[in-house]
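Here's the structure, in structure tokens; my notes come after.
The values are calculated or read from the model by the stated rules, or taken from the named source; none is laboratory data. Worth saying up front: this structure is predicted, and the values here are computed from it rather than measured. Every residue, glycine as well, gets a Cβ built from its backbone with ideal geometry; the counts of neighbours run over all protein chains shown. Each accessible area value is taken on the protein alone, full model and side chains, heavy atoms only, with ligands, DNA and RNA left out. Shrake-Rupley method; radii C 1.70, N 1.55, O 1.52, S 1.80 Å.
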Amino acid sequence: MGFFDKLKKIVNRDKEVFNDNKEKELYDKGFEKTRKELSDKLNNLNRKYSKINSEYFEELEEILIMADIGVSTVMNFMERLVDRAKKEKISNPSDLNELIVDELFIIYVNEEVLSDKIKYNDNGPTVLLFVGVNGVGKTTTIAKLAKREKDLGKKVMLVAGDTFRAGAIEQLSIWADKVGVKVVTGAEGSDPSSVMYTALEEAKKDNYDVVLIDTAGRLQNKVNLMNELDKVNRVIGKLIDGAPQETLLVIDATTGQNGISQAKQFKEITNITGIVLTKLDGTAKGGIVLAIKDEVNIPVKYIGLGEGLDDLKSFDIEKYIYGLFSEML
């Protein structure tokens, strides 16, 4: 069974992939802008052409690029799509929808077992390090993930490791109070590594399950940021074996290709294990998920579909494809 057939079963509710109707509604609403943009343009394209030809494929290519799937990703995708359409002797544009969905699914999966799960530490606190430029929603993401972990019964600590940005410590402290978890801070301008050292010593002593660490996002000075993150990783690794278990890069989905550029730059600086995409509900360019995987080869682990504390969701490729293409069926 191709993924298109699987998607039809999801839409027809023969196969339930959502935990409940509330989650399904969140995906419907969160991907509404991208889905409407894609569906309207693809449906108009199918009405315009009675048979697929080179002009059809050129317009389809433009539609996918406008969804921010990325030029190189779309070029590779189109090459495979055209080849497959020829092999399967498809001439009707509506019949091509199945291939489009299948091939976009393949872009992400690519015969790999992708882990969208957090790697927890079986012997001590699990340390999650958050990186990303200022303004992408990093602190809010930390708060949302802290609530998720707390709701799972975990003992959670936040660490204000961004000691240089004005207001960063206070912002994280306010979120910690709202969520009801511990926060460890230092003086503004103090050494971030010393704050983390103090926090992790306490986390080990008091048996915390999860420690979420905020860091500075001064990407404009890559050398300084690289040195700082190297030091942070050494300090964390000495205190807790295998830490940080995850280094999560937070990207604002509304920034589109600039977000992909950030992912490439941060990948050069430190070992990124996963992406958190915020504000997907605020953009019509949700194809960025596919572009990130294809161009940077880092799995998306969480997506933000709203402003609420419960609107950060574990990334699921089936739910994502549903969010994009459910109106095409």
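Phi-derived couplings, Karplus 6.51 cos²θ - 1.76 cosθ + 1.60 at θ = phi - 60°, listed residue by residue for region 92-98: 7, x, 4, 5, 6, 3, 4 Hz, with x used for Gly and Pro.
What's the magnitude of the charge dipole for region 33-97 around its Cα centre, counting Lys and Arg as +1 and Asp and Glu as -1 at the beta-carbon? Answer in Debye, nearest 20.
Roughly 300 debye, rounded to the nearest 20.
For a straight C-alpha distance cut-off of 13 angstrom, the aspartates and glutamates reachable from K231 (same-chain residues fewer than eight places away being disregarded) are D191.
Note on the chain: percent of Cα-Cα distances in each 20 Å bin, starting at 0 and stopping at the bin with the largest distance, equals 31, 51, 17, 1. Can you give the extra length, in nm with one decimal, that the chain gains between K222 and R47 once fully stretched, where that is 0.36 nm per residue apart less the Cα-Cα distance? Here the answer is 58.1 nm. By accessible area, using a 1.4 Å probe on protein heavy atoms only, the chain has 46% of its surface on carbon and sulfur. A Förster distance of 45 Å, applied to the separation of the beta-carbon atoms of L152 and E55, puts the FRET efficiency at 0.30. With each label modelled as a point 7 angstrom along the Cα→C-beta vector, the R234-E88 pair spans 5.4 nm. Using the structure shown, select from K119/K147; K33/K279; K29/K155 the pairs with a Cα to Cα distance greater than 20 angstrom. Those over the limit are K29/K155.
Hull volume per residue, based on the alpha-carbon atoms of region 162-232 and their convex hull, is 93 Å³. Accessible surface computed residue by residue for region 193-242, with neighbouring protein chains in place and a 1.4 Å probe, gives 49 Å² per residue. When the chain is treated as a GNM with alpha-carbon contacts under 10 Å, the residue of V296, V127, V276 showing the greatest mean-square fluctuation is V296.
Of all DSSP bridge pairs formed entirely within the chain, close to 10 percent run antiparallel. When the chain is treated as a Gaussian network with alpha carbon springs shorter than 10 Å, the biggest mean-square fluctuation among L305, L212, L225 belongs to L225. The modelled label-to-label distance between K117 and S314, using points 7 Å beyond Cα along the C-beta direction, is 0.7 nm. Note on the chain: with a GNM built from Cα contacts shorter than 10 Å, the maximum mean-square fluctuation among K87, K51, K222 falls on K87. The long axis of helix 54-66 is offset from the longest Cα principal axis of the chain by roughly 20 degrees. Separation of region 242-299 and region 28-88, taken as the distance between their Cα centroids, equals 23 angstrom. For region 275-329, the extents of the C-alpha atoms along the principal axes are 30, 29, 18 Å, listed from largest to smallest.
Taking amide H positions as modeled 1.01 Å from N, with prolines and chain starts lacking one, the residues under 5 Å from K182 and 5 or more places away or on another chain are V156, L158. A simple rule links phi to the HN-Hα coupling: the Karplus curve 6.51 cos²θ - 1.76 cosθ + 1.60 with θ = phi - 60°, which for region 221-234 gives 10, 5, 5, 4, 5, 4, 4, 5, 5, 4, 5, 4, 5, 5 Hz, with x for Gly and Pro.
If you average the sequence gap of Cα pairs under 8 Å that are 6 or more apart and divide by the length of the chain, what percent do you get for the contact order?
The normalised contact order for the chain reaches 27 percent.
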